[in-house]
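So the structure is just underneath, and the comments pick up after that.
The values are calculated or read from the model by the stated rules, or taken from the named source; none is laboratory data. All figures in this text were calculated on a predicted structure; none of them were measured in a lab. Positions of Cβ are backbone-derived with ideal geometry, glycine not excepted, and every protein chain shown enters the neighbour counts.
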Amino acid sequence: MLSLAPGVLFDADKHEYWYKGKQLSGVTGLISKKLGLKYSSSFVDEHREEGLHIHKAIQRWIETGYADSVHPGVKWVIEKLVFHDQFYSEVLVTDFKEYASSVDLVYDFAGQTMGNVHIYDIKKGKFSREYVTWQLSIYKYFIEKTTKYKVTKCYCLAIKDKEVYPIFPKSEEVISQMLYGYYATGSVTV
């Protein structure tokens, strides 16, 4: 198991992140607000179940090597990943101050590249490059500020399109401004 947020706890039933007794915010609401997106609770509920199934099935495949789902999206992602033993799923990332989230997939090269990783987000519906760019840029920022890892590539696995889209992250300055309203320098000490 790859740990990029030691001490952060995730309550899946409530979808809450906690660190040392403090609740941390997820980043999806922040991104949606930045982009002016609004989703009804019925829309979210309708899409949550299928999305959870896809993510859990891929996680089981990564952990066991067995695909136990007939969902076409799961099958397509598995075909794209090939080396399940070099991927980690639902990897927690955080700044240890205000935010936490889970990266759908992290590819760690089996330790062969001195801490370089690729990160992936899986989207089952319509692909929005702007949304995913913000999302993966924030994840990259958290990983590079709080761990020894360097994110060298970002991708979106768009199930509906059956495409792998490279994502070009936003600058550290832009992400820091969005998260905190100022430019933060240096790494975070825990």
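Please verify whether K170 is touching a Gly at 6+ places or on another chain (Cβ under 9 Å) and either at pLDDT 95 or above or among the polar types (S, T, N, Q) (or both), treating the condition exactly as stated. Walk me through it before giving the result.
Working: touching a Gly at 6+ places or on another chain (Cβ under 9 Å): no; either at pLDDT 95 or above or among the polar types (S, T, N, Q) (or both): yes.
When the stated conditions are applied, K170 does not pass them.
The single residue among S101, S128, S137 that is surrounded by fewer than 21 Cβ atoms within 10 Å (Cβ to Cβ) and modelled with pLDDT of 90 or more turns out to be S128. Restricting attention to the stretch 110-120, and to residues there that are surrounded by fewer than 21 Cβ atoms within 10 Å (Cβ to Cβ) and in contact with a strand residue (DSSP E or B) (Cβ under 9 Å, 6 or more places away or on another chain), which single residue is modelled with the lowest pLDDT? Checked the stretch 110-120; the qualifying residue modelled with the lowest pLDDT is T113. For the stretch 21-49, which residues satisfy the criterion of being at pLDDT 80 or above and under 22 Å from F10 (Cα atoms)? Residues satisfying the conditions are G21, K22, Q23, L24, S25, G26, V27, T28, G29, L30, I31, S32. Scanning the stretch 1-26 for residues that are without any contact (Cβ under 8 Å) to a residue 24 or more places away in the chain, in a strand (DSSP E or B) and more than 11 Å from V93 (Cα to Cα) yields D11, E16, W18, K22, Q23. Flag not set for D85, criterion: more than 14 Å from I122 (Cα to Cα), among the acidic types (D, E) and either more than 19 Å from the chain's Cα centre (by Cα) or surrounded by 16 or more Cβ atoms within 10 Å (Cβ to Cβ) (or both).
For beta carbons closer than 9 Å, sequence separation of 6+ or different chains, a first residue in the stretch 35-52 that is exposed (fewer than 10 other Cβ atoms within 10 Å of the Cβ) and a second that is at pLDDT 70 or above, the qualifying pairs are K38/S32.
Can you pull out every residue in the stretch 146-166 that is crowded, with 16+ Cβ neighbours inside 10 Å and over 19 Å from E90 (Cα atoms)? So that I can check it myself, show each step before the final result.
So in the stretch 146-166, the residues crowded, with 16+ Cβ neighbours inside 10 Å come out as 146-147, 149, 151, 153-159, 165.
The one that is crowded, with 16+ Cβ neighbours inside 10 Å and over 19 Å from E90 (Cα atoms): Y165.
Taking every residue in the stretch 57-75 that is within 14 Å of F87 (Cβ to Cβ) and pairing it with any residue that is among the aliphatic types (A, V, I, L, M) and in a loop (DSSP other than H, G, I, E, B), at least 6 positions away or on another chain, the pairs with Cβ-Cβ distances below 6 Å are W61/A67.
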